[in-house]
Amino acid sequence: MSRACPPVALSFAAHDPTVGAGLSADLAVFAALGCQPAGVLTGITAQDSAGVHAFESLTSDWVHRQASVLLADFKPAVFKAGALCSPEVVAAVARTIAQFPGVPFVLDPVIASGRGDALGREGMREALVSLMPLVSVVTPNVPEALLLTGADTGQEAASRLLDWGARAVLLTGTHDESTGDEVVNILYISGENAISHRCLRLPGHYHGSGCTLASSLAAFLAQGQAMQSAAVKALRYTWETLVRANRPGVGQAIPDRLLGRHWADCDFSGKQ
């Protein structure tokens, strides 16, 4: 008897040798959360746990070729995009995703690393904005949202992203220290009231928390969960991976994404 294949989650992202972020991190999350991982490489980096030392974008032709061959064979249940590295690659990804209008698309709008190192060529802001009509949910932190939109506040930024076509925005509040010991994350869904999700602020610095959130959200959407439920579970999963993070180098800690072995200890209801 053949087993049913788990839903295919496909990530477009760059390679991070530390596996703290990027394509390898996305694939680990997909596997941990019960999806069949698939990936299209968009660029390569020289980086360690402290930051990015150099990056190089793949050509749009290479990205298109990878995706075309893969999607002729696999049926995607969700798309997720991280660092797309150049406007040309953004355009190639947009052409690919537009061929699958019913498939959710999660965008982590990566333009720079957590340290501020560039991970995209000139014109990335405008290119990412052009993706919004295809986006099911975009997952910026507040600084990314302000940079992407030119807004003065997170709420204004989320409103602009929805106006530009995104169907939902999950705005993360890790960088907003005005909320004290709590991190306040806000889910904005077009046509609905915003919903706040709070969690305990953890000490230290983490490499790839944004990747973890976006890819886990993608995994839950691939399994057919509604946006609000998927967001709550993704936020909880991400928090748990940070609690169990490891620090193999001299820089930031790396989330423990292989959380499956700890699931018995986790409450995915969204309560801390």
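Structure values in brief
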item	result
Boolean, L221 is crowded, with 20+ Cβ neighbours inside 10 Å and in a strand (DSSP E or B)	no
Checking S86 against (1) buried (at least 22 other Cβ atoms within 10 Å of the Cβ); (2) hydroxyl-bearing (S, T, Y); (3) more than 18 Å from G123 (Cα to Cα), the condition it does not meet	(3)
Scan of the range 155-185 for residues that are under 17 Å from the mean Cα position of the chain (by Cα) and over 15 Å from T238 (Cα atoms), ordered by number	A158, L161, A166, R167, A168, V169, H175
Condition met for A214 (touching a Lys or Arg at 6+ places or on another chain (Cβ under 7 Å), farther than 23 Å from S49 by Cβ and of a type outside the set (F, W, Y))	no
Residues of the range 30-51 that turn out to be closer than 20 Å to H207 by Cβ, of a type in the set (A, V, I, L, M, F, W, C) and within 18 Å of the chain's Cα centre (by Cα), as a count	6
Of the criteria (1) modelled with pLDDT under 95; (2) surrounded by fewer than 21 Cβ atoms within 10 Å (Cβ to Cβ); (3) closer than 21 Å to R125 by Cα, which one G34 fails	(3)
L242, sole failed condition from (1) surrounded by fewer than 18 Cβ atoms within 10 Å (Cβ to Cβ); (2) over 22 Å from Y188 (Cβ atoms)	(1)
Criterion: of a type in the set (G, A, S) and surrounded by fewer than 23 Cβ atoms within 10 Å (Cβ to Cβ) - qualifying residue of G191, G208	G191
Neighbours by Cβ (under 8 Å, 6+ apart or cross-chain): first from the range 176-198, part of a loop (DSSP other than H, G, I, E, B); second at pLDDT below 90	D176/V183; G180/R201; D181/L200; D181/R201
Of all residues making up the range 65-85, the number that are in contact with a helix residue (DSSP H, G or I) (Cβ under 8 Å, 6 or more places away or on another chain) and either free of Cβ contacts under 8 Å to residues at least 24 places away in the same chain or among the aliphatic types (A, V, I, L, M) (or both)	7
Hits in the range 69-109 (condition: among the acidic types (D, E) and in contact with a Ser or Thr (Cβ under 6 Å, 6 or more places away or on another chain))	E88, D108
Which numbered condition E122 fails, given (1) crowded, with 22+ Cβ neighbours inside 10 Å; (2) free of Cβ contacts under 8 Å to residues at least 60 places away in the same chain	(1)
Qualifying positions in the range 161-175 - of a type in the set (A, V, I, L, M, F, W, C) and not in a helix (DSSP H, G or I)	W164, A166, A168, V169, L170, L171
Residue within the range 175-182 that is within 24 Å of A28 (Cβ to Cβ) and either of a type in the set (G, A, S) or surrounded by 15 or more Cβ atoms within 10 Å (Cβ to Cβ) (or both) present	no
In the range 55-90, the residues that are closer than 14 Å to L23 by Cβ and of a type in the set (A, V, I, L, M)	L58, V63, A67, L70, A81, A83, L84, V89
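Matching residues to (1) surrounded by fewer than 24 Cβ atoms within 10 Å (Cβ to Cβ); (2) in contact (Cβ under 8 Å) with a residue 24 or more places away in the chain; (3) β-branched (V, I, T); (4) part of a strand (DSSP E or B):
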site: A9; (1), (2), (3), (4): no, yes, no, yes
site: A13; (1), (2), (3), (4): no, yes, no, yes
site: A28; (1), (2), (3), (4): yes, yes, no, no
site: A46; (1), (2), (3), (4): yes, yes, no, yes
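The values are calculated or read from the model by the stated rules, or taken from the named source; none is laboratory data. Remember, predicted model here, so these are calculated numbers, not experimental data. Cβ: placed from backbone, ideal geometry, glycine included. Neighbour counts: every protein chain shown.
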